Amino acid sequence: MGSLRTCAVLCLWVLLAGVSATSASAADPLFQRWLQGLWPQAQALGVSRRTFDAATHGVEPDLTLPDLDLPGREGAPPRGQAEFVQTPADYVREATIARLAEQGRKLAAEHRLTLAAIEQKFGVPPNVLLAIWGRETAFGGYRLPKNAITVLATQAYYGRRKDLFRQELIFALKMLEEGHVKLADMRSSWGGAMGLTQFLPSEFYKYAVDFDGDGKKDIWHSVPDALASAAQQLVGKGWQRGTHWAYEVRAPQGIDCTLGVPEVTRPLGEWLKQGFVPAYARKPSQADVAEPASLLLPEGTYGPAFLTLKNYYVIKEYNFSDLYVLFVGHLSDRINDPRPFETPWSKNTQLRTAQVETMQRTLTKLGLYKDKIDGKAGMQTRAALGAYQKANRLKLDCWPTATVLEDMQRRAAR
């Protein structure tokens, strides 16, 4: 009897789930009409009707994706990448870094000749490319979870950057037409990036390289192609040959954390003369000492501090997140040097997105913050918060906490 009841409940659940899924996909009956309306654009880019129909057949929007602008969800904070909602300690997790660094050392030996050839041609160090590969797909061990056509179509129709993703969808169809990838292999992240090192379709056409000489630009299965393509993309975004990405440093006591923005640059050597000490007594190269550097304080006055060079921001062009760059940069260092960050991350918690948005709006009204309201405690938000703390004689740490938010709200209510 219990089994029959369980079966009945399960059957009902499956039925309701099916109805719910159908309702969600049918919520906007214009989606299929819109999707089919892309045919002239695809045709103009050389896509055949056969390829277009095969790729779009049965495609329904995936409403579970982040960063969608769905009817009835106005005012709800958009879901986003982990880089923007986790603390540095959560994202740059030591156990993960150590595991990937060990794998990276083995792969550095396995692909030594290929990596050396890529560095000679593009000027990007092997460890940086290995770190990107490790972060993006765990060296190919992580299977990308989404159907790329579904993702790109959903983001193009429901997303907050419709024009961008519509163009990416057309390029994805072109990739299928030209035989760069099979439809079954066109797996992606929630943002539509594909391959071992995560390229959007437009990036594939800008930067993909056939480095193994087999006549194909295969970023899905060929390690030489994927790593060389990543190198070419970094070069295209301004990579400087022979320059490091950043140096972890110990900041002097009483540091003004509002200096931690890209706009404040000084030669690396000048920062060092002002009392910043490289972690583990590392010695920057003479070339790096003369390079412009900016101060990065990911946790305000808590946790590690960094002096970032231009290549830091080039990696950030690959993925627009400071935590991503810290992960990749630190992993690239760890492949050669097993030591962790000299200064550990703190145990500070991250405010909720809505709380950071409230803080940003308040700082905007006060004329201290001029960036977008996005609920992300990035460099500009931390610097503006520091300016508020200085103006109101609060503890200067440039880190958003509930205590500071309450102070803002209390003063605003007067």
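A few notes on this one:
- Computed over the chain: relative contact order in percent, which uses C-alpha pairs under 8 Å that are six or more apart: 16
- Summary of the geometry: the stretch 95-170 and the stretch 45-72, compared by the centres of their Cα atoms, lie 23 Å apart.
- Summarising the strand pairing of the chain, around 90 percent of its internal DSSP beta bridges are antiparallel.
- Correct option for semi-axes √(5λ) of the Cα gyration tensor in Å [calculated from the coordinates] among (1) 42, 28, 17; (2) 52, 24, 19; (3) 39, 31, 20: (3)
- The GluC sites (Glu not before Pro) found in the stretch 182-269 that occupy coil by DSSP, while having at most 13 further C-beta atoms within 10 Å, are Glu263.
- Surface composition of the chain: carbon plus sulfur atoms contribute 54% of the solvent-accessible area (1.4 Å probe, protein chains only, all chains present).
- Probe 1.4 Å, protein heavy atoms only - accessible area per residue of the chain in square angstrom: 49
- Heavy atoms of Ile219: accessible area, 1.4 Å probe, square angstrom to 10: 0
- A DSSP coil position with no more than 13 other Cβ atoms inside 10 Å describes the following trypsin sites (Lys or Arg not before Pro) in the stretch 281-351: Lys347.
- The residues Asp62, Asp185, sorted by heavy-atom accessible surface at 1.4 Å with ligands and nucleic acids left out, run Asp185, Asp62 from largest to smallest.
- The separation of the stretch 238-252 from the stretch 173-217, counted between C-alpha centres, amounts to 31 Å.
- Inter-centroid distance (Cα atoms) of the stretch 335-414 relative to the stretch 268-305, Å: 22
- Subset of Lys316/Lys372; Lys310/Lys370; Lys237/Lys370; Lys237/Lys316 violating a 20 Å alpha-carbon distance limit: Lys310/Lys370; Lys237/Lys370
- For Phe199, the residues whose modelled amide H falls within less than 5 Å of its own, excluding neighbours fewer than 5 places apart on the same chain, are Met194.
- The share of Cα pairs per 5 Å bin across the stretch 204-321, counted from zero up to the longest distance, runs 2, 11, 18, 18, 14, 11, 9, 8, 5, 2, 1, 0 percent.
- In the stretch 123-229, the chymotrypsin sites (Phe, Trp or Tyr not before Pro) that fall in loop regions by DSSP, at most 14 other Cβ within 10 Å: Tyr142
- Only helices enter this figure: runs of n ≥ 4 DSSP H residues, each worth -39500 (n - 2.57), summed and divided by the residues of the chain, yield -15000 deg cm²/dmol at 222 nm to the nearest 500.
- Rel. contact order, % - alpha carbon contacts under 8 angstrom, at least six apart, the stretch 258-334: 26
The values are calculated or read from the model by the stated rules, or taken from the named source; none is laboratory data. Remember, it's a predicted structure, so these values are computed and weren't measured experimentally. Reconstructed Cβ throughout: ideal geometry from the backbone, glycine too, with neighbour counts over all protein chains shown. Only protein heavy atoms, including side chains, enter the accessible area calculation; ligands, DNA and RNA are left aside. Shrake-Rupley method; radii C 1.70, N 1.55, O 1.52, S 1.80 Å.
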